[in-house]
Amino acid sequence: MRYPAVLLAALLAFFFAGCGEDEPAFPVNMSRRVETTVVVPKRAVTYAYLPQFSHTVSYERHRLLVDYLQKATGLPIRQIFPDTFDEHVKMVQRGEIDISFSNPFVYVRMAAAGARAFAQIIEPSGRPEFHSLIITRKDNQDIKSLADCRGKRWLAVDPTSAGGYLYALGEF
């Protein structure tokens, strides 16, 4: 019972130490104002990529595509950066993202809200392909093949990531 009383006394002493009169008050002149204006960005077509990388990396990976689309269409295009897959989907549903670069699972969710696909990636092989990566430590002697992964604990990205979670979940 003694320790709670000592702890309470220490907390009160700390709190009241900050309540002194050491700092003088100063008057605020409300007649001295500076008018500011909010710069509203020009309307542009918005483009977003599912958040798989930092904003900087995403920008660099998609900058050339955005530049190409601007030149090809003559439209201003602005790249935006949702922080999660769920935020990305909600932004598409609210009309805040005009062009979405997404995976198949996220597309199905967005299509239910009226989004439609107008292009897909064709890999250098000439075929549409989609894949995942499984990464293990180099010195891990227990996992050398896909079969070795079964029954192991694993870490994945967003639960709505087709390649980063759903495909692996289905495989394991």
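The values are calculated or read from the model by the stated rules, or taken from the named source; none is laboratory data. Quick caveat: nothing in here was measured; it's all calculated off a predicted structure. No Cβ is skipped: glycine too gets one built from the backbone with ideal geometry, and neighbour counts run over all protein chains shown.
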Looking at ALA162 and the list (1) closer than 21 Å to HIS88 by Cβ; (2) surrounded by fewer than 11 Cβ atoms within 10 Å (Cβ to Cβ), which single condition is not satisfied? (2)
Check the range 81-97 and report whether any residue there is at pLDDT 95 or above, surrounded by 17 or more Cβ atoms within 10 Å (Cβ to Cβ) and touching an Asp or Glu at 6+ places or on another chain (Cβ under 6 Å). no
Quick count over the range 122-131, residues being under 22 Å from the mean Cα position of the chain (by Cα) and loosely packed, with under 10 Cβ neighbours inside 10 Å, is 1
List pairs: first residue in the range 30-42 and exposed (fewer than 10 other Cβ atoms within 10 Å of the Cβ), second residue part of a loop (DSSP other than H, G, I, E, B) anywhere in the structure, Cβ distance under 8 angstrom, at least six positions apart or on different chains. LYS42/PRO76
Is it the case that the range 47-55 has a residue that's out of contact with any strand residue (DSSP E or B) (no Cβ under 8 Å at 6 or more places or on another chain), assigned to a helix (DSSP H, G or I) and within 24 Å of ILE121 (Cβ to Cβ)? yes
